[in-house]
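Following: one structure in structure tokens, then a few remarks.
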Amino acid sequence: MAGQLGVRPNAIYTYVADRAQLERAVVERILSLADVSLLDGPSRSWRRRVTSYANALRGVLLAHPGAAALFMSAPMDGPSALLVGERLIGIFIDAGLSPEDASRATYAFIVHVLGSVALEVAETDARPPLRPEAERVRDRLEALSQVPQDAFPNSARTARIAAQWITSDQFNWDVTVLLDGVAAAAVRRSREASSGRRAVPG
């Protein structure tokens, strides 16, 4: 990292106390690059807001693949991270969840975005820019075609789909399913409230 900045390694620690603080700062900086204003808007557009931000955040993370591992080890507790969490919780409350379940949904969202990017980057050399998606899908399909059909029939049968797990289409499919679950939970909560039963967090 110091070499990329054009300074000697020890010079970085003029600005941060240690490696952990440096990694925390990098995570915060990269997270701040995704346009958090995409989460703003009327409550009726909550799904569009979440989907737009999810794709923006994924794009930022894939543009900085070398930092993907840091999101698995450094805490996200800076101003940008707190703001994203606050907005997401508010959006899921808008969707009809209780504050408690909105917090759970926020965590599920973050895990999905960070986890999917980490798995995608793991198949690369983590050097930007990543090779085009189509090329990486082709390589995955070639590798998956070697799976023994007799031992792993389901995997072999769905290899063409598995090859596309790293694509934008798969990412948005995942987000849609996650938000479908949020919407279903909100409907269930509304029905329980109208029937006078206590909604069970879940």
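Pairs under 7 Å by beta carbon, first residue closer than 19 Å to A105 by Cα and assigned to a helix (DSSP H, G or I) in region 181-197, partner among the small types (G, A, S) and at pLDDT 95 or above, six or more apart or different chains?
Close Cβ pairs satisfying both conditions: V182/A95; V182/A105; A183/A95; A186/A95; A186/G96; R189/G96; R189/S98; S190/G96.
Looking only at region 61-84, decide whether some residue is of a type in the set (D, E, K, R), assigned by TED's automatic domain parsing to the domain that holds G41 and within 16 Å of D40 (Cβ to Cβ).
No: zero hits.
So for region 53-70 (the condition being more than 15 Å from the chain's Cα centre (by Cα) and over 15 Å from F109 (Cβ atoms)), does at least one residue qualify?
yes
Among the listed residues R136, R131, R140, R127, identify the single one that is over 25 Å from Q21 (Cα atoms), surrounded by fewer than 17 Cβ atoms within 10 Å (Cβ to Cβ) and more than 13 Å from the chain's Cα centre (by Cα).
Selected residue: R131, the only one of R136, R131, R140, R127 that is over 25 Å from Q21 (Cα atoms), surrounded by fewer than 17 Cβ atoms within 10 Å (Cβ to Cβ) and more than 13 Å from the chain's Cα centre (by Cα).
Any residue at all in region 78-85 that's of a type in the set (V, I, T), closer than 30 Å to A20 by Cα, touching a residue at least 40 places away in the same chain (Cβ under 8 Å) and in a loop (DSSP other than H, G, I, E, B)?
no
In region 86-106, how many residues are outside any helix (DSSP H, G or I) and crowded, with 17+ Cβ neighbours inside 10 Å?
3
Select from region 155-172 the residues that are under 28 Å from A95 (Cα atoms) and either surrounded by fewer than 13 Cβ atoms within 10 Å (Cβ to Cβ) or among the charged types (D, E, K, R) (or both) and list them in ascending order.
Selection gives D169 alone.
Which ones in region 107-155 are under 30 Å from A81 (Cβ atoms) and in a loop (DSSP other than H, G, I, E, B)?
A122, E123, T124, D125, A126, R127, P128, P129, L130, R131
The values are calculated or read from the model by the stated rules, or taken from the named source; none is laboratory data. Owing to the predicted nature of the structure, the values given are computational and were not obtained by experimental measurement. Virtual Cβ from ideal backbone geometry, glycine too; neighbours counted across all protein chains shown.
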